[in-house]
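In what follows, a single structure is set out as structure tokens and then discussed.
The values are calculated or read from the model by the stated rules, or taken from the named source; none is laboratory data. Treat the numbers as computed from the prediction; the structure is a model and nothing was measured. Counting neighbours? That spans all protein chains shown, and the Cβs are built from the backbone with ideal geometry, glycine included.
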Amino acid sequence: MGGKGYVTGEACLIPKTCLEIYEAELKGDYKKALDILDKASALLDFLLGGENGPDYLVRIKAAMNLVGLPGGIPRLPILPADDKTKDELRKILNKYNLPESWVGEKI
């Protein structure tokens, strides 16, 4: 907290959430920023989890595709998300309760 900004792949999927975190921190409202992070934690933890670095890219792209954003597929040798990963993402995305354009749509 206290940085001047940040660059993150999550902003491709949850731009409003990322902007709200940034604006809260800019105002010095760290409690609000932490509250937003807490509400987004299930999704963020899943996106950042995985066994290796490329899992992050695979999960971001798969999540974007699931909500109707142009995520595409990763370049070889990285493979697209498997069905188990996509099913887990669907569960998490359907429970996401922060203001994004796709929230409220059945995924």
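Structure above, values below:
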read-out: Hits in region 39-55 (condition: over 17 Å from ASN97 (Cβ atoms) and crowded, with 16+ Cβ neighbours inside 10 Å); value: ASP55
read-out: Of all residues making up region 12-28, the number that are at pLDDT below 95, surrounded by fewer than 15 Cβ atoms within 10 Å (Cβ to Cβ) and either closer than 22 Å to ALA62 by Cβ or more than 17 Å from the chain's Cα centre (by Cα) (or both); value: 4
read-out: Subset of region 68-93 [assigned to a helix (DSSP H, G or I) and under 16 Å from LEU43 (Cβ atoms)]; value: THR85, LYS86, ASP87, GLU88, LEU89, ARG90, LYS91, ILE92, LEU93
read-out: Residue count, region 1-16 (criterion: outside any loop (DSSP other than H, G, I, E, B) and either among the acidic types (Asp, Glu) or touching a residue at least 12 places away in the same chain (Cβ under 8 Å) (or both)); value: 5
read-out: Pair list, Cβ under 8 Å, 6 or more apart: region 17-36 residue at negative phi and of a type in the set (Val, Ile, Thr), other residue part of a helix (DSSP H, G or I) and surrounded by fewer than 17 Cβ atoms within 10 Å (Cβ to Cβ); value: ILE21/LEU37
read-out: Residues being more than 21 Å from ILE107 (Cα to Cα) and small (Gly, Ala, Ser) - total across region 24-48; value: 3
read-out: Single residue of ILE78, ILE60, ILE36 found to be farther than 16 Å from CYS18 by Cα and surrounded by 14 or more Cβ atoms within 10 Å (Cβ to Cβ); value: ILE78
read-out: Which listed residue, of ASN97, ASN52, ASN65, is farther than 23 Å from GLY5 by Cα, in a loop (DSSP other than H, G, I, E, B) and free of Cβ contacts under 8 Å to residues at least 12 places away in the same chain; value: ASN52
read-out: Residues that are without any contact (Cβ under 8 Å) to a residue 40 or more places away in the chain and under 17 Å from GLU10 (Cβ atoms), drawn from region 69-84; value: PRO70, GLY72, PRO74, ALA81
